[in-house]
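Reading through the structure tokens given below for one structure.
The values are calculated or read from the model by the stated rules, or taken from the named source; none is laboratory data. Just so it is clear, the model here is predicted, and its values are computed rather than measured. Virtual Cβ from ideal backbone geometry, glycine too; neighbours counted across all protein chains shown. The area values use the complete protein model at the heavy-atom level, side chains included, leaving out ligands, DNA and RNA. Shrake-Rupley method; radii C 1.70, N 1.55, O 1.52, S 1.80 Å.
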Amino acid sequence: MLRIGLLTSGGDCQALNATMRAIVKTMVNRAAEPVEICGFEDGYQGLIYGRYRVMEASEFEGILALGGTILGTSRTPFKRLDTPEADGVDKVAAMKETYRDLSLDCLFVLGGNGSTKTAHRLAQEGLRVIALPKTIDNDTWGTDLTFGFSSAVEVATTYIDAIRTTASSHGRVFVVEIMGHKVGWIPLHAAVAGGADVCLIPEIPYEMDRVAAAVERALDAGSRCAIVAVAEGALSSEEAALPKKEYKKRVASRTAPSVAYEIARELEARTGRETRVAAPGHAQRGGAPDAQDRVFATQCGVEAALGFLEGEHGFMVAQRGGRMCHFALDEVAGKLKRVDPSSDLVREARALGMSFGDE
């Protein structure tokens with residue numbers, strides 16, 4: 001009997017269920033002995049407190065297109081991993097105890113950067129762990145794609161398309177705030193797919209006068225509206241020059257709800273154009289996974305299960321150059337994949353006339 005654990009940790013996304021389905025189906029189809037599945041509820045919290053249920057393979061049928069996660073999820077920040085829970089529980093010790101009490105042969109962790117760091121820590125503690133790259137932000141180092149990203153881009157792009165019609169009808173400028181605190185993958189792709197005039201991302205600090213000039217150019221060229229796609233973590237060149245602590249103070253002192261509102265206020269003052277803010281928000285995490293996410297999530301689940309059945313653990317499944325591969329957890333944990341300002345997509349967007357607020 002093989003006994004495996006499944007958990008989904010951190011922010012949710014559209015393809016978590018599709019990934020778990022692929023793990024389970026592969027295990028059932030390829031394992032030489034019966035498989036028992038322990039599904040941990042609400043991420044690492046389930047592992048800490050022993051909240052799990054023994055699941056049948058049939059529970060993973062019919063969930064390929066179901067968004068969210070049937071196990072539930074929560075955030076257990078890595079930076080507080082060695083800080084006891086409010087009730088005094090030692091997180092790491094409790095997770096190890098649950099793992100060993102259940103006699104798990106492997107724990108499959110579906111999570112983003114923080115979750116992968118915790119998975120690496122558990123592997124260092126002697127547990128057999130395999131990580132799968134889940135995040136809408138596409139910022140996990142070592143893999144070209146993460147599952148959840150494609151669906152989030154689709155939601156953000158559809159939102160820009162919808163905003164464009166009302167913006168054009170009223171002759172307005174719209175600042176569309178798109179998820180991306182530390183990296184700009186979603187806003188970059190959605191801006192290109194949605195034909196935005198300006199795209200502001202954390203990796204390319206902006207100057208407000210250049211943003212305003214780009215909006216004016218779009219309107220002077222005959223467009224009835226202008227669309228500015230802004231990452232949640234977009235920052236000005238002045239802010240980028242601040243020490244980290246000073247930048248955090250600057251963000252904390254904002255009177256506007258977010259950087260998008262600051263930019264909208266500045267644009268209206270500088271251009272005299274009616275400017276509004278819109279945001280798809282958590283809808284970028286919701287709904288059914290798109291076709292690309294279903295395929296990639298399935299690939300990740302299959303490869304993770306096959307790796308385990310071949311005797312491997314302590315790795316994260318990845319895709320590099322269109323091929324599936326494995327990276328040791330100590331190679332990927334704690335690293336962030338950022339947008340390269342000199343990448344092909346940024347260069348091509350500039351050629352189309354899109355401004356990044358820096359030139």
Would you mind stating whether THR98 is among the β-branched types (Val, Ile, Thr), over 25 Å from CYS13 (Cα atoms) and open to solvent by 20 Å² or more (accessible area, probe 1.4 Å)? no
Can you spot a residue in segment 191-205 that is closer than 21 Å to VAL339 by Cα, at pLDDT 95 or above, surrounded by 17 or more Cβ atoms within 10 Å (Cβ to Cβ) and touching a Cys at 6+ places or on another chain (Cβ under 7 Å)? yes
Part of a helix (DSSP H, G or I) and open to solvent by less than 50 Å² (accessible area, probe 1.4 Å), is that true of PHE327? no
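Tally the residues that are hydrophobic (A, V, I, L, M, F, W, C) and open to solvent by 30 Å² or more (accessible area, probe 1.4 Å), restricting the search to segment 274-307. Give the derivation first.
Taking segment 274-307 as the starting set, the residues that turn out to be hydrophobic (A, V, I, L, M, F, W, C) are 277-279, 283, 288, 291, 295-297, 300, 302, 304-306.
From the residues that got through so far, the ones that are open to solvent by 30 Å² or more (accessible area, probe 1.4 Å) too are 277, 279, 283, 288, 291, 295, 302, 306.
Of the residues in that region, 8 qualify.
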Quick check on segment 157-179. Is at least one of its residues touching a helix residue (DSSP H, G or I) at 6+ places or on another chain (Cβ under 7 Å), over 30 Å from GLU216 (Cα atoms) and part of a helix (DSSP H, G or I)? no
Any chance segment 157-167 includes a residue that's among the hydrophobic types (A, V, I, L, M, F, W, C), open to solvent by less than 20 Å² (accessible area, probe 1.4 Å), in contact (Cβ under 8 Å) with a residue 40 or more places away in the chain and out of contact with any Phe, Trp or Tyr (no Cβ under 7 Å at 6 or more places or on another chain)? yes
Hits in segment 254-270 - residues which are open to solvent by less than 20 Å² (accessible area, probe 1.4 Å) and β-branched (Val, Ile, Thr): VAL259, ILE263
Is it the case that segment 60-69 has a residue that's open to solvent by 10 Å² or more (accessible area, probe 1.4 Å), part of a loop (DSSP other than H, G, I, E, B) and within 22 Å of MET1 (Cα to Cα)? yes
For ARG338: the one exception among (1) part of a helix (DSSP H, G or I); (2) within 18 Å of PHE147 (Cα to Cα); (3) of a type in the set (D, E, K, R); (4) open to solvent by 30 Å² or more (accessible area, probe 1.4 Å): (1)
